[in-house]
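> Below you will find the structure I want to go over with you.
Nothing in this text is a laboratory measurement; each read-out follows from the coordinates by a stated rule. Quantities reported herein were computed from a predicted structural model and do not represent experimental measurements. Every residue, glycine as well, gets a Cβ built from its backbone with ideal geometry; the counts of neighbours run over all protein chains shown.
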Amino acid sequence: VNRAPLIFLTALVAFALSFGAFVLAPQIQIGRQTITKVTGGSEDYPKARAGQAAQGAIVYRANGCAACHSQTVRQGGIRIELWLKEAGTNTAQVIAAAKKLNEKFDATCLGNLPQLIVSGLEIPRKAEEAQMLFDKLGAVADVHFVPTGVDIERGWGLRHSVAADYLFDSPVLLGSQRTGPDLANIAARSPGADWQLLHLYNPRSVVTNSVMPQYKFLFTTRKIVFAPTSDALKLPEKFAAPAGYEVVPTDDARALVAYLQSLRATAPLFEAPMAAAAK
Amino acid sequence: VTQAVIAWWFTNNFLFVWLGLISIGALFYFAPKFAGRELHSRQLAIFALLIVIFFGSWAGVPASAPVPSWIPALSAFGALVSVSGVLAVIANLKSTMSGCTATQCSVAGKFFCKSLPMLLLFAIGNAVASFACGASLLDFTWFTPALKYLLLYGFVAMVLLGAIYHIAPQLTGSEYFCTRPVKIHFWFMLLGTVLLAGSLALAGVRQGELLKDPSLSAMDALREPLKIFRFSTMGDLLVLLGSLTLLVNLGGLLRAACKNCCCKSQGAEVKK
């Protein structure tokens, strides 16, 4: 019996299913994503990278940074919190309502608002019901969604990464390995461009136990002619260039730092709700 | 991020479905030859093939991927189901070879036998790492490369090496073929792969555990598992040494074959 058509057909169906599920469907769902608005605001998200940062993405790629650094913040779950923003005039009833939600609610702290009423509600609806109750009492309560998880507790991000964060990346440099810290949100926690330059020149000059290789070839060491230039690195003594010389970043180093300073995913989005940090 | 999804999809299909199926096919070809009887079950073989091409081709997208969650969920399901395909392959081959001692002695058979547990370990590891609970520990750690080495060195390379050692002497028609270097290569390959994948997997689990503790500084959490690299480098070196024995052995075989060939043709000329 000639089974070739059957084998071909089976292979074709298997391929079509797999292709449809993992290439076509994601392309239809997230491939056509466009710029959206930040939740509760009119700001566009994400914003395209400025010229130098866009060049930096190429330097980031060329130097294989993505081999050791991921750009994905993971989130364990979400904690729903209810905050009292304004107590209104009906304080006795407001306190009673708050105590009903949380027995330990401290009535004396009404003078110091906003105050957390209850944390860890199971479903958003419960929080909304309570919010409406406070509304009826003439008070104002806010529902906060607080992302949780180790990456977030570690300070690597405020919320989990979503597809929209990478809208302007091509190729997307997600990385699969964390030999170094996650960089999805490095700009938000970075001590600044000068620190980044020092770190690239010699990571040990700013982080004593770093395992990152030095990227000295992104810098030039040159003789000081009249006086040191303003953009020369201010290296600690141990790592400084020999006397009479200075270390100056090349365009690549500047571009890479501009790129790192553009990695910021702090906007609350529909698919990644997040409360502004409590005041 | 569609690019990234397609990259995961392609990589998994190339490594597991394409290279994996070539190796499974080779095993299904050689096992009956060694055992001197038919494959235990044709249906089971077809079942395994269908599982691998239909569900194995879904695996690959990690749970941490910043994409709509149905994509990694479907992927994890594919990885889980493909374990059953792998089990079917192993059950089928074990039944085919049961009670057959010739394979244990044959050097090529050794490669085939030891490749099967590696495939099983890969499939199970892959399924565990695909699900959210496993992924929260193992994603972004050294466990991912450990799985890749387990599949490539432990299964695909082992099967293909077995095939080379089985075919090469027959192909050249040469009786000169030392089994000793083959045995050495086998042990180098086995120990090297176990050392390489095993130490990386351990490093991955340790890294995942340390990263789960937010009170630990990121640098400390990321530094510690690197110590295990000494072992994985040893494993890499053993695999390299094993490959050198293959090169020397095949070189010798080729030389002997050429000599044989030349002598024969000279002999033919003399007769004329």
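> Could you put B:Met234, A:Met212, A:Met132 in order, starting from the residue whose Cβ has the fewest other Cβ atoms within 10 Å?
Ordered from fewest to most neighbouring Cβ atoms within 10 Å, B:Met234, A:Met212, A:Met132 come out as A:Met132, B:Met234, A:Met212.
> With axes computed from alpha carbons, what is the tilt in degrees of helix A:4-19 against the longest principal axis of chain A, rounded to the nearest 10 within 0 to 90?
Value to nearest ten degrees: 70.
> Taking a label point 7 Å from the Cα of A:Leu6 along the Cα→Cβ vector, which residues of the stretch B:51-74 have an amide N closer than 16 Å to it?
Label zone hits: B:51.
> Right, next: Can you pull out the trypsin sites (Lys or Arg not before Pro) in the stretch A:1-107 that DSSP calls coil and that have at most 11 other Cβ atoms within 10 Å?
Passing both the DSSP loop test and the Cβ count: A:Arg3, A:Arg32, A:Lys104.
> Where does each of A:Ser42, A:Ser176, B:Ser115, B:Ser64 land when they are ranked from fewest to most other beta-carbon atoms within 10 angstrom?
Going from sparsest to densest Cβ surroundings: A:Ser42, A:Ser176, B:Ser64, B:Ser115.
> Please state the shape class of chain A: rounded when a/c is under 1.5, otherwise prolate if a/b exceeds b/c and oblate if not, all from the C-alpha gyration tensor.
Verdict is oblate for chain A.
> Stick to the Cα atoms of the stretch A:121-209, pair each with every other, and give me the Kirkwood hydrodynamic radius in Å at one decimal.
Averaging 1/r across every pair of different Cα atoms and inverting gives 17.0 Å.
> With each label point set 7 Å from Cα along the Cα-Cβ vector, what nm distance links B:Trp187 and A:Phe226?
7.4
> Next up: Would you list, by chain and number, the lysines whose Cα falls below 28 Å from the Cα of B:Lys259, excluding same-chain residues fewer than 8 positions away?
Leaving aside lysines fewer than 8 places away in the same chain, those within reach of B:Lys259 are B:Lys183, B:Lys271, B:Lys272.
> How much FRET efficiency would the formula 1/(1 + (r/R0)^6) give for B:Ser95 and A:Val211, where r is the Cβ-Cβ distance and R0 is 60 Å, rounded to 0.05?
According to the calculation, E is roughly 0.75.
> Treat each spin label as a single point 7 Å out from the Cα along the C-beta direction, and report the A:Phe19 to B:Arg223 distance in nm.
Inter-label distance under the simple model: 5.0 nm.
> Binning at 10 angstrom from zero up to the longest distance, how are the C-alpha pair distances of the stretch B:185-258 distributed in percent?
20, 31, 22, 14, 8, 4, 1
> Positive end of the charge dipole of the protein assembly as shown (Lys, Arg +1 and Asp, Glu -1 on Cβ, about the Cα centre): tell me which of A:Ala253, B:Val156, B:Leu120 has its Cα farthest that way.
It is B:Val156.
> Here's another thing I want to ask about it. List the relative contact order of the stretch B:1-113 as a percent without decimals, with contacts defined as Cα pairs under 8 Å and 6+ residues apart.
33
> Per residue of chain B, what 222 nm ellipticity follows from adding -39500 (n - 2.57) for every DSSP H run with n ≥ 4, rounded to the nearest 500?
Roughly -25500 deg cm²/dmol at 222 nm, from the helical runs in chain B.
> May I ask you to list the lysines whose Cα is less than 22 Å away from that of A:Lys85, ignoring any residue fewer than eight positions away on the same chain?
Within the straight-line limit of under 22 Å, A:Lys85 reaches these lysines: A:Lys99, A:Lys100, A:Lys104, A:Lys126, A:Lys136, A:Lys279.
> Defining a contact as two alpha carbons under 8 Å apart and six or more residues distant in sequence, what relative contact order in percent does chain B show?
The normalised contact order for chain B reaches 18 percent.
> Taking neighbour counts of Cβ atoms within 10 Å as a proxy for exposure, in what order, fewest first, do B:Ser130, B:Ser199, A:Ser205 appear?
A:Ser205, B:Ser199, B:Ser130
> If you don't mind, there's one more thing I want to ask. Find which of A:Leu174, A:Val207, B:Ile53 sits farthest along the positive direction of the dipole of the protein assembly as shown, computed with +1 on the beta-carbon of Lys and Arg, -1 on that of Asp and Glu, about the Cα centre.
The residue sitting farthest along the positive end of the dipole is B:Ile53.
> Further, regarding this structure: Contour minus end-to-end for A:Lys100 and A:Ala62, with contour as 0.36 nm per residue of separation and end-to-end as the Cα-Cα distance?
7.8 nm
> Right, next: Where a ≥ b ≥ c are the square roots of the eigenvalues of the C-alpha gyration tensor, would you call chain B rounded, which needs a/c under 1.5, or, failing that, prolate if a/b is larger than b/c, or oblate?
Prolate is the answer for chain B, as a/c is 1.5 or above and a/b outweighs b/c.
> While we're here: First measure r as the distance between the Cβ atoms of B:Ile46 and A:Glu43, then evaluate 1/(1 + (r/R0)^6) with R0 = 60 Å and state the FRET efficiency to the nearest 0.05.
About 0.60, to the nearest 0.05.
> Nearest 20 debye, what's the magnitude of the dipole of the stretch B:187-241 about its Cα centre given +1 on Lys and Arg Cβ and -1 on Asp and Glu Cβ?
Here the size comes out at about 60 debye.
> Measure out, as a whole number of angstrom, how far apart the alpha-carbon centroids of the stretch A:87-120 and the stretch B:195-217 sit.
44
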